[in-house]
Amino acid sequence: MKTPIFNIHDLILVLTLAVCVLLVIFQWLLSKQKTSASWLLSGFFVGVGLTALCNLLLWNDYIQSDAAAAKILLSCVLATAVVGKSVCLYFYVVAITRAQFHWRWPYALHGVTLLAIMILIAAAELDSDRLRFLITSDSEARVRVTNFFWHCLKTLPVIYALAAVWVALQYKQQLKEFYSTFSLQAPLWLLLLTLGFALNWSWSLVVHVLGQSVGIQLADMFGIADNYITFLLVNALFVYSLLYAHELLVTKEKPAEKEIAAVAEISPDAIERIRRTMEDQQLYLTQNLNIEEFAKHVGIHYREVSSIINKHFNTNFFEFVNEYRVNKAKQMLVDKNHADMTILDILLESGFNSKSSFHRFFKRYTGMSAADFRKQNLNPP
């Protein structure tokens, strides 16, 4: 009986490679994202697919190449794939959450790490045999260099994934600075996915560290689990890119320190203009009001408006507008002329477009539900 070339666990790597190729194609055929985001997500899928291919070629004894150039090339492609997928994931999260994402020359510095790894591969002749620790004649110093190479490849993705998690966490707060209404569903899934990759790559790092102390068999078992988790997360990210990514509200970069300092002295006139514009024009009734639209009515740059709301009113734009909406809803709930209106009608009339958001804010500011508030004030005992 012939020995099979691939076992069942190798097939998940083959499947990951095949799926990544398909996802790149589908990404360009079906995605509604910005071009920059599509390129970055495609780069991420390519990186994941090449990583799977390199791992397959590296650890499968039946498809090894004896050519010295092929062994060095495998190390180079593996390093490029790992660094590439890490960088692409981080910048993808940045691109889909920012209004204006442009390539800047400082971003090229992210390639310095890859360049350093390539120099290490060439200088230490880190071919695929050395990466598998098959050369028993290697000195202790060479073994340390090989271990350092693996440490880099396992640690870098974790760093970039955690940076992506941080961007996703900051994104929710930034939304509150720009918008009066937004859905939490898309930002929440983005956070969960980035956190998933951070945990997945952290697991891979732990497996690498444990592999040097718990034995090869147990480390292999953990590594196999890592391959399955990667496969699931890659598919989840693709589904997210199709269903939710294009719906994300974009934010702008925070103002520089000198711009913040420029509005440090808040004029009473600006404060009054903000309050008067919101109250007299009742702009809070606009369901999808954002700070730039509001600032145009005020006649002040949106960054100055944001700074005044933060510093003088001690809140963000999201909370600022929704407090006005709650007050409007309270007025309507106790007005006998609106007694025939349902709570749904009232929340829509007061500027809310989400029942969950309305009930959350209303209870925060009044300590009770809208129904109880109406019952208590419209028909007092």
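The values are calculated or read from the model by the stated rules, or taken from the named source; none is laboratory data. Keep in mind it's a predicted model, so treat the numbers as computed, not measured. Please note: Cβ atoms are built from the backbone with ideal geometry, for glycine as well, and neighbour counts cover all protein chains shown. With ligands, DNA and RNA removed, areas are computed over all heavy atoms of the protein, side chains included. Shrake-Rupley method; radii C 1.70, N 1.55, O 1.52, S 1.80 Å.
Only one residue in Gln100, Gln173 is open to solvent by 40 Å² or more (accessible area, probe 1.4 Å), assigned to a loop (DSSP other than H, G, I, E, B) and at pLDDT below 85. Which one?
Details: Gln173 fails: assigned to a loop (DSSP other than H, G, I, E, B).
Of the residues listed, the single one that is open to solvent by 40 Å² or more (accessible area, probe 1.4 Å), assigned to a loop (DSSP other than H, G, I, E, B) and at pLDDT below 85 is Gln100.
Only residues that are among the basic types (Lys, Arg) and more than 28 Å from Asp129 (Cβ to Cβ): list them for the range 143-192, please. Break it down into steps so the answer makes sense when it comes.
The first filter runs over the range 143-192 and keeps only residues among the basic types (Lys, Arg), leaving 144, 154, 172, 176.
Answer for the range 143-192, where residues must be among the basic types (Lys, Arg) and more than 28 Å from Asp129 (Cβ to Cβ): Lys172, Lys176.
Please work out if Thr251 is closer than 30 Å to Asp345 by Cα and at pLDDT below 90. Before you say what the answer is, go through the steps one by one.
On the way: closer than 30 Å to Asp345 by Cα: no; at pLDDT below 90: yes.
No.
Being within 30 Å of Tyr324 (Cα to Cα) and β-branched (Val, Ile, Thr) is the filter here, so list the residues in the range 180-209 that pass it.
Within the range 180-209, just Thr181 meets the criteria.
For the range 178-204, what are the residues that are within 18 Å of Leu243 (Cβ to Cβ), of a type in the set (Gly, Ala, Ser) and either open to solvent by 30 Å² or more (accessible area, probe 1.4 Å) or at pLDDT 90 or above (or both)?
Ser183, Gly196
Please specify each residue of the range 156-170 satisfying the condition of being open to solvent by 50 Å² or more (accessible area, probe 1.4 Å) and either within 13 Å of Leu89 (Cβ to Cβ) or at pLDDT 95 or above (or both).
Those that are open to solvent by 50 Å² or more (accessible area, probe 1.4 Å) and either within 13 Å of Leu89 (Cβ to Cβ) or at pLDDT 95 or above (or both): Ile159, Leu162, Trp166.
In the range 40-94, how many are of a type outside the set (Gly, Ala, Ser) and without any contact (Cβ under 8 Å) to a residue 12 or more places away in the chain? So that I can check it myself, show each step before the final result.
Step one: filter the range 40-94 for residues of a type outside the set (Gly, Ala, Ser), giving 40-41, 44-46, 48, 50-51, 53-64, 66, 71-74, 76-78, 80, 82-83, 85, 87-94.
Then drop every residue that is not without any contact (Cβ under 8 Å) to a residue 12 or more places away in the chain, which leaves 61, 66, 73.
Result for the range 40-94: 3.
When you scan the range 135-155, how many residues do you find that are of a type in the set (Gly, Ala, Ser) and under 35 Å from the mean Cα position of the chain (by Cα)? I'd like the intermediate steps shown before the answer.
Step one: of the range 135-155, the residues of a type in the set (Gly, Ala, Ser) are 137, 139, 141.
Now narrow it down to the ones that are under 35 Å from the mean Cα position of the chain (by Cα): none.
Qualifying residue count, the range 135-155: 0.
Within the range 103-134, which residues are touching a residue at least 12 places away in the same chain (Cβ under 8 Å), within 23 Å of the chain's Cα centre (by Cα) and part of a loop (DSSP other than H, G, I, E, B)?
Trp103
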